[in-house]
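*Asks:* Before I ask anything, here is the structure I am working with.
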Amino acid sequence: MGGTFDPIHFGHLITAEEVRVQFELDQVIFVPCGVPPHKKKYDLTDARHRHLMVELAVADNPHFTTSRMEIDRDGPAYTIDTMRTFRERFGDACQLYFITGADAILEMLTWRDNESLIELCRFVAATRPGYELSELDRRLGPRHRARIDPVSVPGIEISSTDIRRRVRQGKPIQYLTPSATVSYIRKHALYQQPE
């Protein structure tokens, strides 16, 4: 499961668990992005902090783990490089899935070497109840669409952007992200400055 996780929240965790159960996955590896090539709207929190927040958030689930692969990589983090590394690590017999939101999947055609990428893994597009999947069909075409499995996840209106905004405004974030993440954000005074 890839993302900036700035910060990780219950929406990410619920999605990961729902996909793990539905697809009978052995494990879900959370891969915080180092330098995302497509997100330039705000300054990301230091990768070390984002990784540690993910570590804390997934620590109590034996099926969840994390990887520093993208944050330790120099330069932009491309999904194709990550999936190639996982393919080498786990071998051809392992079915790889890339879990992300349906909105991110809509940008797939702009991803580096997307033609090779769709051969390396299947994609799981997490959607909320009522999400219109016809947009995936229209924008991606049959070859890409055939490699994408949409999964409807219980609808929770939580976003990392909203959590950062709430912290800046001094509003509570309890129940939006795990307690360990809330404590980490407070301890390190994250998200205090305007984006």
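*Asks:* Starting from the amide H of Val124, placed 1.01 Å from N in the peptide plane, find each other amide H under 5 Å away whose residue is 5 or more places distant or on another chain.
*Replies:* Phe98, Ile99, Thr100, Asp149
*Asks:* Springs between alpha-carbon pairs under 10 angstrom, Gaussian network model over the chain: which of Phe98, Phe64, Phe23 fluctuates most?
*Replies:* Phe23
*Asks:* Given the C-alpha atoms of the range 93-157, compute the convex hull and give its volume per residue in Å³.
*Replies:* Normalising the Cα hull of the range 93-157 by residue number yields 88 Å³.
*Asks:* With runs of 4+ DSSP H residues as the only contributors, calculate the mean residue ellipticity of the chain at 222 nm using -39,500 (n - 2.57) per run, divided by the residue total and rounded to the nearest 500.
*Replies:* -12000 deg cm²/dmol
*Asks:* Roughly what would the spin-label model give for Leu106 and Cys94, points 7 Å off Cα along C-beta, in nm?
*Replies:* Label at Leu106, label at Cys94, 3.2 nm between them.
*Asks:* Give me the angle, in degrees from 0 to 90, between the Cα long axis of helix 134-145 and the longest principal axis of the Cα atoms of the chain, rounded to the nearest 10.
*Replies:* 50 degrees
*Asks:* For the chain, with only Lys/Arg (+1) and Asp/Glu (-1) charged at the beta-carbon, what is the dipole magnitude about the Cα centre, in debye rounded to 20?
*Replies:* For the chain, the charge dipole is close to 600 debye.
*Asks:* Name the long-range amide H neighbours of Val28: under 5 Å, sequence gap of 5 or more, or other chain; modelled H, no Pro or chain starts.
*Replies:* Phe64, Thr65
*Asks:* Here's something else I'd like to know. Given a cut-off of under 8 Å on Cα pairs at least six residues apart, what relative contact order in percent is computed for the chain?
*Replies:* 25 percent
*Asks:* Compute the acute angle (0 to 90°) between the alpha-carbon long axis of helix 79-90 and the principal axis of greatest extent of the alpha-carbon atoms of the chain; round to the nearest 10°.
*Replies:* 80 degrees
*Asks:* GNM, the chain, Cα, under 10 Å: largest mean-square fluctuation among Pro36, Pro150, Pro172?
*Replies:* Pro172
*Asks:* Another question about this same structure. Can you pull the semi-axes for the range 2-187, root of five times each eigenvalue of the Cα gyration tensor, sorted largest first, whole Å?
*Replies:* The answer is 26, 19, 17 Å, longest axis first.
We did not get these values from a lab; they are worked out from the coordinates using the rules stated. Here the structure is a predicted model, which means the values were calculated and not measured. When we count neighbours, we look across all protein chains shown, and the Cβ atoms used for this are built from the backbone with ideal geometry, even at glycine.
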